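The values are calculated or read from the model by the stated rules, or taken from the named source; none is laboratory data. Quick caveat: nothing in here was measured; it's all calculated off a predicted structure. Neighbour counts run over all protein chains shown; Cβ positions are idealised from the backbone, glycine included. Side chains included, ligands, DNA and RNA excluded: accessible areas come from the protein's heavy atoms. Shrake-Rupley method; radii C 1.70, N 1.55, O 1.52, S 1.80 Å.
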Amino acid sequence: MKSLTIKSTVMLAELSPEKTKIAPEITPSKIMQIGMGFWASKAMLTAVKLGLYSTLAPAALSEKQIKEKLGFSCSDRHVFDWLDTLVSLGFLERKGLLQDAVYSNAADTDLFLDKNKKTYMGGILEMADSRLYKYWGDLEEGLRTGQQQNEGKDNPLGNMEFFSDLYKNAEKLQEFMNAMSGIQTGNFLALVNQFDFSKYKSMLDLGGADGWLSIQVCLNHPHIHCTTFDLPPVEPLAKQKIRGFNLSDRIHVASGDLLKDAFPKADIIAMGNILHGMNEEAKQELVRKVYDSLPDGGAFIAIENIIDNERRQNTFGLLMSLNMLIENGDGFDYTMNDFERWTRAAGFTRIILIPLAGPSSAAVAYK
Ligand SMILES: C[S@@+](CC[C@H](N)C(=O)[O-])C[C@H]1O[C@@H](n2cnc3c(N)ncnc32)[C@H](O)[C@@H]1O
């Protein structure tokens, strides 16, 4: 983020009456970069929302062409500012300058943010733009009150029940499913390569959304059969997605309430970003239910942004935990020590951590 870096040492030295005491290596650059980071974030999210990367995928375009395609009425200067911000952040490439310039996607935005490619993972960013951005505006209130700050703010639903409310709106349901696939794709691909599936025949994915984890497991491990289990409104979307991969004969879609209903039997029980939505008591209860449902030798896999035990490194995991305050009030992300405590208390004997993509890991407990 070159554009937010300022010659801070000079400024500080000029303003401070004790200028000789300021060590030159202490600057406000990081403070400014993070404090004003929402500018960069919103410039990026707006590009995703407006489909800029899909617009630029077929061919490089000039500012004039982009302005026309996106239907902007602002000044050319501000379109250049927005596009050149994205160039400075590394999300666009540019040849030439201003009126002589043409813009194209950077390699990563072209692969992951062009909606016409199967590798598109912008669902989470679309949801960040349409929901999380405004709800995070009330983080202060969340911290003061401990209450969720999303759609359920005025009518708190508690724990994971806000899903049933969210899913009354078909558009929001689809957006949430896309967001979940987007954020987990790298992790699921890493898991199917790193976890030893050879000893098992079946996997149950609890809160499996549109079946994305089951699809990845079945594509990579032909001997496995999966059940993806979620709330009833999700079932048609999961069935449709699974049909698209010709896997309907190997992936069963089950509907129910994971808090109330018995689990379908399976050798592996997986859960992606489920435990973090719950308070500690509910987490422990669910872990015990998973243990009781697994056969001896079975495995429980939680795919989450496991926070490092020292709580210093995994910034994304810590922020995700705050996101659970915004979304659920009393949900929180956790460390491997926490996971080990809950799973050992339930009876699991061997517990390991498999690092996945970026800040995410698989916490695995064997019965
Ligand atoms: C945060 S999403 C995670 C989705 C997916 N496992 C992943 O890793 O991307 C939580 C999922 O749990 C489902 N869910 C929430 N409450 C549930 C319940 N009581 N019973 C079954 N599924 C539930 C939601 O519909 C949603 O698909």
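Contact map, the stretch 200-215: first residue β-branched (Val, Ile, Thr), second residue surrounded by 24 or more Cβ atoms within 10 Å (Cβ to Cβ), Cβ cut-off under 8 Å, separation 6 or more or different chains; pairs are Ile215/Ile242; Ile215/Ile251.
Tell me, please, whether a residue that is within 16 Å of the ligand (Cβ to nearest atom) and of a type in the set (A, V, I, L, M) can be found in the stretch 79-93. There is no residue in the stretch 79-93 that is within 16 Å of the ligand (Cβ to nearest atom) and of a type in the set (A, V, I, L, M). Considering the stretch 268-367, the qualifying helices (runs of 4 or more DSSP H), each wholly inside and each with 2 or more residues that are of a type outside the set (Val, Ile, Thr) and within 18 Å of the chain's Cα centre (by Cα), run over 315-328. Residues that are of a type in the set (Val, Ile, Thr), within 15 Å of the ligand (Cβ to nearest atom) and open to solvent by 10 Å² or more (accessible area, probe 1.4 Å) within the stretch 275-321 comprise just one, Ile306. Taking the stretch 165-255 as the region of interest, the helices (runs of 4 or more DSSP H) fully inside it that hold 3 or more residues being basic (Lys, Arg) and more than 9 Å from the ligand (Cβ to nearest atom) are 235-244.
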